[in-house]
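The values are calculated or read from the model by the stated rules, or taken from the named source; none is laboratory data. Bear in mind the structure is a predicted one, so any value in this text is a computation, not a measurement. Neighbour counts run over all protein chains shown; Cβ positions are idealised from the backbone, glycine included.
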Amino acid sequence: MVLAQETHGPGGWGAILMYKDNKKEISGERKNTTNNVMELTAVIEGLKLLKYPCEVDLYSDSAYVVNCFQQGWIYNWVKNNWQTASKEPVKNKELWEELYELTKKHKVNFIKVKGHSDNEYNNRCDELARNAIKNIE
């Protein structure tokens, strides 16, 4: 059995919001964080900028985020008082709760894209995240 261990350290996130001809890039950083926290933060911060309920096609290379909704994990977590199937507390619960509330406001279609490949917007989000890390003092 292999146990995945998240490492803590500096991290960044990036997101691009697009509607018709409009495009807005956002990013941020944290001094001590994990990849999963940054992936959740990018999605949350993007959705928080929407001024009214929207239908959103959300593209992410994060299997952690996309699978949670596509495979229904989050609905089971909510039903089980934020516990996993193995009765462990859900990691990053506060972020998942915030994202869950945003998905009740917006109709979000989660779409998985391959990371570090030929998706120009995903590559740009990676660049935004890497650049944000440079702001950490």
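Conditions tested, residue by residue: (1) surrounded by 14 or more Cβ atoms within 10 Å (Cβ to Cβ); (2) within 15 Å of T103 (Cα to Cα).
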| site | (1), (2) |
| --- | --- |
| V37 | yes, no |
| T41 | yes, yes |
| K51 | no, yes |
| G72 | no, yes |
| Q83 | yes, no |
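Take residues that are among the basic types (K, R) and tell me which of the helices (runs of 4 or more DSSP H) falling wholly in the stretch 42-137 contain 3 or more.
It comes to 93-105.
Scan the stretch 32-81 residue by residue and report those that are touching a residue at least 12 places away in the same chain (Cβ under 8 Å) and among the aromatic types (F, W, Y).
Of everything in the stretch 32-81, those that are touching a residue at least 12 places away in the same chain (Cβ under 8 Å) and among the aromatic types (F, W, Y) turn out to be Y59, Y64, F69, W77.
Can you tell me which residue among D21, D61, D118 is within 17 Å of the chain's Cα centre (by Cα) and among the acidic types (D, E)?
Going through D21, D61, D118 in turn, just one is within 17 Å of the chain's Cα centre (by Cα) and among the acidic types (D, E): D61.
Any chance the stretch 90-107 includes a residue that's on the phi < 0 side of the Ramachandran plot, free of Cβ contacts under 8 Å to residues at least 24 places away in the same chain and touching a helix residue (DSSP H, G or I) at 6+ places or on another chain (Cβ under 8 Å)?
Yes: the stretch 90-107 contains one or more residues that are on the phi < 0 side of the Ramachandran plot, free of Cβ contacts under 8 Å to residues at least 24 places away in the same chain and touching a helix residue (DSSP H, G or I) at 6+ places or on another chain (Cβ under 8 Å).
Name the single residue that is nearest to W73 (Cα to Cα) among those in the stretch 98-111 being surrounded by 15 or more Cβ atoms within 10 Å (Cβ to Cβ) and out of contact with any strand residue (DSSP E or B) (no Cβ under 7 Å at 6 or more places or on another chain).
That would be Y100.
Determine which single condition G9 fails, assuming it passes every other condition in (1) under 30 Å from E137 (Cα atoms); (2) touching a Leu at 6+ places or on another chain (Cβ under 6 Å).
With (1) under 30 Å from E137 (Cα atoms); (2) touching a Leu at 6+ places or on another chain (Cβ under 6 Å) applied to G9, the lone miss is (2).
Among the residues of the stretch 116-134, is any modelled with pLDDT of 95 or more, surrounded by 16 or more Cβ atoms within 10 Å (Cβ to Cβ) and over 17 Å from I16 (Cβ atoms)?
Scanning the stretch 116-134 turns up no residue that is modelled with pLDDT of 95 or more, surrounded by 16 or more Cβ atoms within 10 Å (Cβ to Cβ) and over 17 Å from I16 (Cβ atoms).
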